[in-house]
Amino acid sequence: MAFRSKLIFLLIVYFAGFATAIYCLAPVPEDSSQTGQGEGFVYSTIKSDDLARSFNSGMHKCIAFGKTAACKAGKYIRHKYDDLQENES
């Protein structure tokens, strides 16, 4: 019985997080008079186009950093492997 309650709890938390993400990433109407609150926090900070550009830029920086780190790690491992081969012979 404990397994079922844990599974149900995890599903509720998962879908609550998913619904929150959908709510935050939903496009905001350009006319702020329709919201009834004026320019609130969500309207001022989350604009889907700016968020997409920022995320895309961040992902490209992350990928470039990963490629650089992988090349450095490969060279380091190759150097250590060559040293190990020299020591054995």
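The values are calculated or read from the model by the stated rules, or taken from the named source; none is laboratory data. Source: prediction; values computed, not measured. Reconstructed Cβ throughout: ideal geometry from the backbone, glycine too, with neighbour counts over all protein chains shown. Only protein heavy atoms, including side chains, enter the accessible area calculation; ligands, DNA and RNA are left aside. Shrake-Rupley method; radii C 1.70, N 1.55, O 1.52, S 1.80 Å.
For segment 19-40, filtered to residues that are closer than 18 Å to residue 52 by Cβ and part of a loop (DSSP other than H, G, I, E, B), the residue that is modelled with the highest pLDDT is 26. The requirement of being open to solvent by 80 Å² or more (accessible area, probe 1.4 Å) and either among the β-branched types (Val, Ile, Thr) or modelled with pLDDT of 85 or more (or both) is fulfilled somewhere in segment 49-62, by at least one residue. Quick check, is residue 16 part of a helix (DSSP H, G or I), modelled with pLDDT under 85 and under 20 Å from the mean Cα position of the chain (by Cα)? So residue 16 fails the test.
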